[in-house]
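The values are calculated or read from the model by the stated rules, or taken from the named source; none is laboratory data. Note that this is a predicted model, so its numbers are computed, not measured. Note: ideal-geometry Cβ built from the backbone for every residue, glycine included; neighbour counts use all protein chains shown. Quick note on the areas: whole protein, heavy atoms, side chains included, nothing else; ligands and nucleic acids left out. Shrake-Rupley method; radii C 1.70, N 1.55, O 1.52, S 1.80 Å.
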Amino acid sequence: MARKQFDLIVFDWDGTLMDSTSTIVKCIQAAAKDLGLPIPYDDEASHVIGLGLHEAMQEVMPNIDPVFYPRLVERYRYHYRTKDHDLVLFDGVHEMLTELSQNAYFLAVATGKGRVGLNRAMNAAGVLSLFDATRCADETFSKPHPAMLHELSRELGQDLKRTVMIGDTTHDLLMANSAGAAGIAVQYGAHPVAQLDACAPVYSAPTVAELHQWLTENA
């Protein structure tokens, strides 16, 4: 398969490759409940998915005493670790990644997860060897700052104009826009389609299968 537009394909992790959106929402809500804080609604909690964990807690609960933020992060991590062994990749993701790797695309992950959590998840899913580089929110600026894409493209020696960022949130697409890369939205994750469309992605995929087909025909 000849590469048409892109040499480097960067994926978000949660809600894009891994079916974890509802689990993250429940863990944010459980952390708030543990500390006797107002429990965010589902849409409020899902909106901050993709941000670094500290940034996510500050955005989803902006009006609480700042002393609570480190404790919220600790409680979130506790709840998430009790559930992350049950999380799986979306159907078709492993096959899509394998085919892209076999066709010599550079593959990377840019995620709001921390390094320890991402490595654990990638190992459990059996995809660590398919990626050429990864960047986590505890290593650089959180999305939508463009640093993750700048750093990944430099590490792999790739041109941002031939790089695409694929994600389920506006944080992913705004990062791509800021970095000068292309953006592809997936509609099955955390953010509503109308919000994703407002970021002008080059393609918006309703399913993993349709994302795979589009990449095969157009990437």
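All of VAL60, VAL73, VAL48 fail the test of being crowded, with 17+ Cβ neighbours inside 10 Å, under 24 Å from PHE141 (Cα atoms) and touching a Pro at 6+ places or on another chain (Cβ under 8 Å), apart from VAL60. Of LEU160, LEU149, LEU174, LEU156, which residue is under 18 Å from ALA56 (Cα atoms) and of a type in the set (A, V, I, L, M, F, W, C)? From the options LEU160, LEU149, LEU174, LEU156, the qualifying one is LEU174. Taking the numbered list (1) part of a helix (DSSP H, G or I); (2) surrounded by fewer than 14 Cβ atoms within 10 Å (Cβ to Cβ); (3) modelled with pLDDT of 95 or more in turn, PRO38 passes all entries but (1).
Reported count of residues in region 78-91, each being over 17 Å from the mean Cα position of the chain (by Cα) and surrounded by fewer than 17 Cβ atoms within 10 Å (Cβ to Cβ), is 6. For LEU160, the conditions (1) in contact with a strand residue (DSSP E or B) (Cβ under 7 Å, 6 or more places away or on another chain); (2) buried (at least 18 other Cβ atoms within 10 Å of the Cβ); (3) farther than 23 Å from VAL48 by Cβ are fulfilled apart from (1).
Please determine, by comparing only the residues of region 99-115 that are of a type outside the set (Gly, Ala, Ser) and under 15 Å from the mean Cα position of the chain (by Cα), which one is farthest from ASP86 (Cα to Cα). If we take residues in region 99-115 being of a type outside the set (Gly, Ala, Ser) and under 15 Å from the mean Cα position of the chain (by Cα), then LEU107 is farthest from ASP86 (Cα to Cα). Counting only helices (runs of 4 or more DSSP H) that sit wholly inside region 42-118, those with at least 2 residues that are closer than 22 Å to LEU152 by Cβ, in contact with a strand residue (DSSP E or B) (Cβ under 9 Å, 6 or more places away or on another chain) and at pLDDT 95 or above are 93-102.
Answer yes or no: is there a residue in region 119-128 that is closer than 30 Å to LYS4 by Cβ, open to solvent by 20 Å² or more (accessible area, probe 1.4 Å) and not hydrophobic (A, V, I, L, M, F, W, C). Among the residues of region 119-128, at least one is closer than 30 Å to LYS4 by Cβ, open to solvent by 20 Å² or more (accessible area, probe 1.4 Å) and not hydrophobic (A, V, I, L, M, F, W, C), which makes the answer yes. Could you check, for region 65-72, whether at least one of its residues is more than 20 Å from ASP34 (Cβ to Cβ), of a type in the set (Asp, Glu) and out of contact with any His (no Cβ under 9 Å at 6 or more places or on another chain)? No; the residues of region 65-72 include none that is more than 20 Å from ASP34 (Cβ to Cβ), of a type in the set (Asp, Glu) and out of contact with any His (no Cβ under 9 Å at 6 or more places or on another chain).
Take region 171-195 and flag every residue that is surrounded by fewer than 24 Cβ atoms within 10 Å (Cβ to Cβ) and either farther than 21 Å from ARG154 by Cβ or at pLDDT below 95 (or both). Matches in region 171-195: GLN187, TYR188, PRO192, VAL193, ALA194, GLN195.
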